[in-house]
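To start, the structure itself, in structure tokens.
Every number here is computed from the coordinates shown, using simple stated rules; none is lab data. Note that the structure is predicted; figures quoted are calculated from it, not measured. Counting neighbours? That spans all protein chains shown, and the Cβs are built from the backbone with ideal geometry, glycine included.
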Amino acid sequence: MKRQHNYSAIIKWTGNKGKGTLNYKEFERSHMISINNKPDILCSSDPVFLGDKTKYNPEELLLASLSSCHMLWYLHLCSESNVIVTEYIDEPTGIMIEKQNGSGCFSEVSLNPIIKVAEQSMIEKAIELHKKANELCFIANSVNFKVLHNPCCSTQEN
């Protein structure tokens, strides 16, 4: 049986400096993501596209969503497989190709998780579970580009 999950958010442009979009270079790309009962997220476009470098941009949020979803599935699978993860950190990277008409798309994202597990005997299984996590990840299943994995795993002592 398929279960449906519904999500909603409010995205509000906050970059009107008084003249709206009268001139391409005169309005801010600032906007706010609001979700009920959660802190607002202040966003902009990438500075390359005249955005505010102090705010999150959609491309960064896409990387974060992929990484976060993968991590949550991975931790779930580890707990079911008796792999005790004691630390997990990821530094995802992505490649976006801009086209001549100004559009663009991601060609790939690489997840680079560094994991610590409780025992040496868990390392092989810990690395193996990334494949299954990728297969189950809701966000990875929703994108049309490669999501690569470069896990590094060690024990707490290493």
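Would you pick out the residues in region 28-43 that are closer than 15 Å to Lys55 by Cβ and either touching a residue at least 40 places away in the same chain (Cβ under 8 Å) or surrounded by 11 or more Cβ atoms within 10 Å (Cβ to Cβ) (or both)? Don't jump to the end; show me each part of the working.
First, pick out the residues of region 28-43 that are closer than 15 Å to Lys55 by Cβ: 28-34, 39-43.
Result: Glu28, Arg29, Ser30, His31, Met32, Ile33, Ser34, Asp40, Ile41, Leu42, Cys43.
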Pairs returned, first residue in region 134-158 that is touching a residue at least 40 places away in the same chain (Cβ under 8 Å) and of a type in the set (Val, Ile, Thr), second residue that is assigned to a helix (DSSP H, G or I) and surrounded by 14 or more Cβ atoms within 10 Å (Cβ to Cβ), beta-carbon separation under 7 angstrom, 6 or more apart or interchain, are Ile139/Ser65; Ile139/Leu66; Ile139/Cys69; Val147/Leu66; Val147/Asn134; Val147/Ala140
Within region 127-138, the residues that are within 14 Å of Ser110 (Cα to Cα) and surrounded by fewer than 19 Cβ atoms within 10 Å (Cβ to Cβ) are Lys131
Out of contact with any strand residue (DSSP E or B) (no Cβ under 7 Å at 6 or more places or on another chain) and assigned to a loop (DSSP other than H, G, I, E, B): is that true of Lys25 in this structure?
no
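Answer yes or no as to whether Glu124 is more than 14 Å from Leu148 (Cα to Cα), more than 19 Å from the chain's Cα centre (by Cα) and surrounded by fewer than 19 Cβ atoms within 10 Å (Cβ to Cβ). Show your work before the answer.
Working: more than 14 Å from Leu148 (Cα to Cα): yes; more than 19 Å from the chain's Cα centre (by Cα): yes; surrounded by fewer than 19 Cβ atoms within 10 Å (Cβ to Cβ): yes.
Criteria met by Glu124.
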